[in-house]
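I have placed the structure first, in the form of C-alpha cells, so that the comments after it can refer back to it.
The values are calculated or read from the model by the stated rules, or taken from the named source; none is laboratory data. Here the structure is a predicted model, which is why all the values come from computation and not from measurement. Glycine gets a Cβ as well: all are built from the backbone with ideal geometry, and neighbour counts include every protein chain shown.
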Amino acid sequence: MTKQDPKKARQVATQQAASRRTRTIMIVAVFAVVIIAGVAVWAAKRTPSNPSASMPAGVNSDGGVPVGTATSPVLDVYEDFQCPICKGFEDNIAPVLDQMVEAGQIKEIYHVMSFLDINLSNDSSKRAANAAGCAQDQGMFFEYHNEVFANQPATEGVGYTDDQLIQFAETVGIPDMTRFKQCVADDTFGNWVTQMEINSENSQVTGTPTLFVNGKVVDWSQASTWNGVLTAVQEAITAAQ
Amino acid sequence: MTNADRNQWISTVVRVVLAGIMLWAGLAKLLEPEQALRAVQAYRIFPPSIDDIVAVGLPIVEVAVGVLLLLGLGTRFAAWVTTGLMILFIAGVASAWIRGLSIDCGCFGGGGDVPSAGRAGRYLTEIGRDLVFMALAIWLIRFPSSRLSLDRLTGIAVEIGEDDNNPDETDESS
C-alpha cells in the first residue's frame, strides 16, 4: 500500500469502511450474546438452592433474630457488641422489655451490627456477632447476647478474645460446645454478620442502639437519663398497641 | 523476524492473558450472584437499587471484554474499556481504604467485610494487581494488532495509520 492511483485508493478506502462496519457489528453481537447469556446465568443462580445455609438456624429471611411469641408490636433492636451505650441500654431498658417479651406483650427482633470495628480498629464486633450467630444456631442467642453485654470491657476498644467468647457460651450453657468452638474458629456466620450490617445501613441505621417500634424509629434524643429513654420507649409501645 | 512481527506476537500473548483475567473475574461473579451483590454492597458506595445493577452489569461487561480480547475483535476498544475498568476498580478500593472499611475487593468472586488484620497490605496488593492489568491493557492500546485475531482476519489491522504495528511504518529488519 505505497503509492497508488486514485481509483485504487478509493477501492481500498471502501473496503476498509466495509471491514470496519463488519467489525463494529461483530462487537455489538458479542455484547448482545454476553448480555443475554449473562442475565440468564445470573437469573438462574441468583436464588441459591439453600439460602439459609450461611445463616444461623431460626433467623428471619433478612437475618434478624426473633425473640418472643407475640406477633405485635414488633421492636427492632439494633446493637453492636462493642457499643458502650448499648450496654447502658441493656442494663437499664432491656430488663423491662425482656419482661414484656416473656409476658407475650411485645416481639423483639435483634439486628447485630459490626460497624464499630472500623472506628475501633479491631474485629471484635464481627467476631462477637458471629459467636452470637453460633449461639442462635443452638437456640441460645438471647442468653448469649445478654452474657456478652454483661461482660463488655469497661474500656471501649479492648474488645473480646475468642477465649472469652467461648467462656460466655460455657457460662450460659450452650449444649454442644465442640460445635460452638468450631463455629467461632471457622467464622461460620461471617457472611450473615456482613449481611446484617449492610441491611442495617440500608435501613438508615447509622448508630447503636437504635430501636424501631412497628417500623417507626423511637426518638429519645430529648431524654437525658435512662429513665427518660424508658419513658420514650414505653410511650412508643403504647402508641403501637 | 521484524520488530513489528515481534510486537504482534507479544500482543497476542498479552491479549490472551488479559482475556483470561477478565473472563475469570467476570464468570466468578456471575456464577455467585449473591456473593457478588455482597461484595458490591460492602463498598457502601451505591444505594441498594444501584448495587443490584452493578452486581450483574459489571461482570457482564468483564465477560464481554474478555470474549473480545480472546477473539482479538476490536482489540483497541476492548483495551480501552479494560483500562477504564481498572481505573474504577483502583478508585473503589482506594475509597474503601480511605473510609476505613475493611473489605475484600471481590475482584475474582468473594468479597464483603473481612477482618481488619493486614488491611493495608491487602489493599496495596489489590491496587498493584490492577495496575499490572492496566499496564497490559495499555500495551494493547499502543500495539493492538496481533496474530490469531479477528481484527487481522477482517483486514482492519493493516489499515494505514490505524495501527502502530503497521509494517509500513515500523518495518525494520532484524
Considering the stretch A:177-220, residues that are surrounded by fewer than 19 Cβ atoms within 10 Å (Cβ to Cβ) and of a type in the set (Gly, Ala, Ser), and then whichever is farthest from A:Val233 (Cα to Cα), we arrive at A:Ala185
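Just to be sure, is B:Ala42 small (Gly, Ala, Ser), more than 20 Å from A:Ile36 (Cα to Cα) and buried (at least 23 other Cβ atoms within 10 Å of the Cβ)? Working first, answer last.
On the way: small (Gly, Ala, Ser): yes; more than 20 Å from A:Ile36 (Cα to Cα): yes; buried (at least 23 other Cβ atoms within 10 Å of the Cβ): yes.
Criteria met by B:Ala42.
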Scanning the stretch A:173-190 for residues that are in contact (Cβ under 8 Å) with a residue 40 or more places away in the chain and part of a helix (DSSP H, G or I), the one farthest from the other protein chains (Cβ to nearest Cβ) turns out to be A:Arg179
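Could you tell me whether A:Val67 is among the aliphatic types (A, V, I, L, M) and either within 12 Å of chain B (Cβ to nearest Cβ) or under 20 Å from the mean Cα position of the chain (by Cα) (or both)?
Numbers: among the aliphatic types (A, V, I, L, M): yes; either within 12 Å of chain B (Cβ to nearest Cβ) or under 20 Å from the mean Cα position of the chain (by Cα) (or both): yes.
So A:Val67 fits the description; yes.
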All conditions in (1) surrounded by fewer than 18 Cβ atoms within 10 Å (Cβ to Cβ); (2) assigned to a loop (DSSP other than H, G, I, E, B) are true of A:Glu170 except (2)
The helices (runs of 4 or more DSSP H) lying entirely within the stretch A:61-153 that contain at least 2 residues which are touching a strand residue (DSSP E or B) at 6+ places or on another chain (Cβ under 9 Å) and within 18 Å of A:Gln167 (Cβ to Cβ) are A:124-137, A:141-150
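Could we say that A:Asp80 is charged (D, E, K, R), more than 9 Å from every other protein chain (Cβ to nearest Cβ) and under 17 Å from A:Met196 (Cβ atoms) here?
Spelling it out, A:Asp80 is indeed charged (D, E, K, R), more than 9 Å from every other protein chain (Cβ to nearest Cβ) and under 17 Å from A:Met196 (Cβ atoms).
For B:Glu34, are the conditions met, namely being closer than 18 Å to B:Gly112 by Cα, facing chain A (nearest Cβ under 10 Å) and among the acidic types (Asp, Glu)? Steps first, answer last, please.
Values: closer than 18 Å to B:Gly112 by Cα: yes; facing chain A (nearest Cβ under 10 Å): yes; among the acidic types (Asp, Glu): yes.
The answer is yes for B:Glu34.
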* Just a yes or no: is a residue in the stretch A:191-202 over 30 Å from B:Ala36 (Cβ atoms), of a type outside the set (Val, Ile, Thr) and either within 20 Å of the chain's Cα centre (by Cα) or within 11 Å of another protein chain (Cβ to nearest Cβ) (or both)? -> no
ask   = Got at least one residue in the stretch A:109-128 being touching a residue at least 60 places away in the same chain (Cβ under 8 Å) and either more than 18 Å from the chain's Cα centre (by Cα) or not assigned by TED's automatic domain parsing to the domain that holds A:Ala223 (or both)?
value = no
A careful count of residues in the stretch B:60-80 that are more than 7 Å from chain A (Cβ to nearest Cβ) and either crowded, with 23+ Cβ neighbours inside 10 Å or polar (S, T, N, Q) (or both) gives 8
Apart from one, (1) at pLDDT 90 or above; (2) touching a Lys or Arg at 6+ places or on another chain (Cβ under 8 Å) all hold for B:Asp113; the odd one out is (1)
Practice problem: Examine the stretch B:54-67 for a residue that is touching a Phe, Trp or Tyr at 6+ places or on another chain (Cβ under 9 Å), of a type outside the set (S, T, N, Q) and closer than 30 Å to A:Ala128 by Cα, and state whether such a residue exists. | Solution: yes
Within the stretch B:70-80, can one find any residue that is basic (Lys, Arg) and in contact (Cβ under 8 Å) with a residue 60 or more places away in the chain? yes
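Of all the helices (runs of 4 or more DSSP H) wholly in the stretch B:47-166, which have at least 1 residues that are under 16 Å from B:Val17 (Cβ atoms)?
Working: elements: B:48-71, B:75-98, B:119-142, B:150-153.
The helices (runs of 4 or more DSSP H) meeting that bar are B:48-71, B:75-98, B:119-142.
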